[in-house]
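To keep things clear, I will list the structure first and then write my remarks on it.
The values are calculated or read from the model by the stated rules, or taken from the named source; none is laboratory data. Keep in mind it's a predicted model, so treat the numbers as computed, not measured. With ideal geometry, Cβ positions are generated from the backbone for all residues, glycine too; neighbour counts draw on all protein chains shown.
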Amino acid sequence: MILKSLKRWLWIVVLCGLLPLLSWAENLRVVHLGDSHVWSKIFPRAAHARLRQRLGGGVSYQHIAKPGAYLADFLNQRSVNKVAALSPNLLVVSIGTNESYAPNFDAPKFRADMRRFMAMYRPVCRAILFTTMPGNYKKGQVNPKGRQIADIQIALAKELGYWVYDLYGAAGPVYWRRGGMMDRRGIHFNAKGYSQQGTMLGDWIVDNVMR
C-alpha cells in the first residue's frame, strides 16, 4: 500500500515537472527580431512552417525587423515595448550581418551591446535564442568578420545563459554560394536560401530548445 502511494506521488511529481514544457510546446509564441534577412519574411515564415509541422498548429510566430539593422538599433525602450506587446515565450534574434560590414567593427562594443540587450529583454522574455549570421562575402572573398562575430555570440551565450544557434557553423558562406542560394554580391539570399535557413532554425528549436 505504501509502495503504491509512493509510486503515485512520484508520477505526480514527474508530470508536474513536465507540464510547463508540454504547455510551452503546445502554445509556443515566438518573436523573431532581426535585420533584412528577417525582414524578407521568407526566413521567419519557413521557420514557422517547420515548427507547426513538428509541434502542431498551436505555434504563433511574429517578426520585427529592420533592413540595415545593427544590434544597437534594438537597444531602446520602444523596441522592448514592441516585443513585450507580443508576449513571446521565445525570442529569436538574428543579427550580425551589418556589423560584419562595418568598416570599424568594434568587438568590445559589440560584446557590451550583447550584455545590454540581455539586461533589457530578459524581463520581457526569459528564453532568448540568438542565431549567428549565415555568412557572407566581401569583395569576392569570404568575410572573416562573420566567424568572429559568431564566436563572440557563442562565448557570451555560455557566460550570460542564452541559447545560440551557430547557423554560420552549420553551413557557411561557401555552402550557400555553391548551392546557388546567394545573390551575386554574396550578401543576401534568394528564396531557396532563406527557406532552407528557416527550416534549419525550426528543426534546431525543436531539437534543442523544446527537448
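Per-structure values
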{"item": "Which numbered condition Pro144 fails, given (1) over 18 Å from Gly96 (Cα atoms); (2) surrounded by fewer than 16 Cβ atoms within 10 Å (Cβ to Cβ)", "result": "(1)"}
{"item": "Test: residue in the range 184-193 that is crowded, with 19+ Cβ neighbours inside 10 Å and in a helix (DSSP H, G or I)", "result": "yes"}
{"item": "All positions within the range 90-116 that are surrounded by 20 or more Cβ atoms within 10 Å (Cβ to Cβ), among the polar types (S, T, N, Q) and not in a helix (DSSP H, G or I)", "result": "Ser94"}
{"item": "Residue selected from the range 40-49 under the condition more than 14 Å from the chain's Cα centre (by Cα) and crowded, with 16+ Cβ neighbours inside 10 Å, by the criterion modelled with the lowest pLDDT", "result": "Ser40"}
{"item": "Criterion violated by Val164 - all others in (1) more than 30 Å from Gly56 (Cβ to Cβ); (2) not in a helix (DSSP H, G or I) satisfied", "result": "(1)"}
{"item": "Which listed residue is at pLDDT 95 or above and more than 23 Å from Leu201 (Cα to Cα), from Arg147, Arg78, Arg122", "result": "Arg78"}
{"item": "Failed item in (1) under 24 Å from Val30 (Cα atoms); (2) in contact (Cβ under 8 Å) with a residue 40 or more places away in the chain, with Tyr168 passing the rest", "result": "(2)"}
{"item": "Residues within the range 72-89 that are surrounded by fewer than 22 Cβ atoms within 10 Å (Cβ to Cβ), in contact with a strand residue (DSSP E or B) (Cβ under 7 Å, 6 or more places away or on another chain), not charged (D, E, K, R) and not in a loop (DSSP other than H, G, I, E, B), tallied", "result": "1"}
